[in-house]
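See below for the structure under consideration.
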Amino acid sequence: MVPAMDNDSKGDSLEQAGVKLKAVVFATGYEPDVIKSPTWAALQGDYFLSLFRPFALPNAATKQMAAALQKYAHVTKSEFPSFGQYEAWAGADLMIKGLELAGKNPTRAAVIKDLRSLKSYDVNGLLPQPLDFATDFGHNPPLECTWMMQAKKNGFVPVSAKPFCGKDIPGTTTATAGS
């Protein structure tokens, strides 16, 4: 959740120090309840990162998830999931994938072993780039991507249909802004 702030507090300290903000980017806060919060007016024009494909950019994965949320959680077609709902969906999907990979009589060890051999997993298109559990499991992936959303009067709007990606800075494991 985005911290509470009044319309004049965003950037006041920086402005007092003579800093002119070109953009405000929040790593978190792309949530349905933020739109209905008292801070929404103060957030207009600001940017929010989404680690999962926004429903505003529909594909097979968002349509499948939206249908399930409408059927089982009784959300409306205009609503989009919270980060927790995305995470729960992705976790359940990965568990199902592990069970499928482990075969007819799966064991805990087989599920784990088979998931760690999975070289390309993107939750059917909800992730901006596939994960390689064979090499990236427990490590910082060499490429980090996210969608950028902008707060507008009527909701969050994607800045681009394509995610923005950053690669590790040579000699480090810290991602830098990319294309």
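Here is a check on your reading of the model: is residue 105 modelled with pLDDT under 95 and out of contact with any strand residue (DSSP E or B) (no Cβ under 8 Å at 6 or more places or on another chain)?
Here the answer is yes, as residue 105 does meet what is asked.
Close Cβ contacts (under 6 Å, 6 or more residues apart or on different chains) running from residues in region 11-30 that are assigned to a loop (DSSP other than H, G, I, E, B) to residues that are of a type in the set (Gly, Ala, Ser) comprise 21/11; 30/50. Looking at region 44-59, is at least one residue hydroxyl-bearing (Ser, Thr, Tyr) and either at pLDDT below 95 or out of contact with any strand residue (DSSP E or B) (no Cβ under 7 Å at 6 or more places or on another chain) (or both)? The answer is no, given that none of the residues of region 44-59 is hydroxyl-bearing (Ser, Thr, Tyr) and either at pLDDT below 95 or out of contact with any strand residue (DSSP E or B) (no Cβ under 7 Å at 6 or more places or on another chain) (or both). Considering region 85-179, the qualifying strands (runs of 3 or more DSSP E), each wholly inside and each with 2 or more residues that are out of contact with any Lys or Arg (no Cβ under 7 Å at 6 or more places or on another chain) and farther than 26 Å from residue 44 by Cβ, run over 164-167. Just name the residue that is surrounded by the most Cβ atoms within 10 Å (Cβ to Cβ) out of those in region 140-179 that are at pLDDT below 95 and charged (D, E, K, R). Among them, the one singled out is 144.
Residues in region 41-84 that are under 30 Å from residue 21 (Cβ atoms) and part of a helix (DSSP H, G or I): 41, 42, 43, 83, 84. Scanning region 104-114 turns up at least one residue that is surrounded by fewer than 17 Cβ atoms within 10 Å (Cβ to Cβ), more than 21 Å from residue 25 (Cα to Cα) and in contact with a Leu (Cβ under 7 Å, 6 or more places away or on another chain).
The values are calculated or read from the model by the stated rules, or taken from the named source; none is laboratory data. Here the structure is a predicted model, which means the values were calculated and not measured. Glycine also receives a Cβ, built like all others from the backbone with ideal geometry; neighbour counts cover every protein chain displayed.
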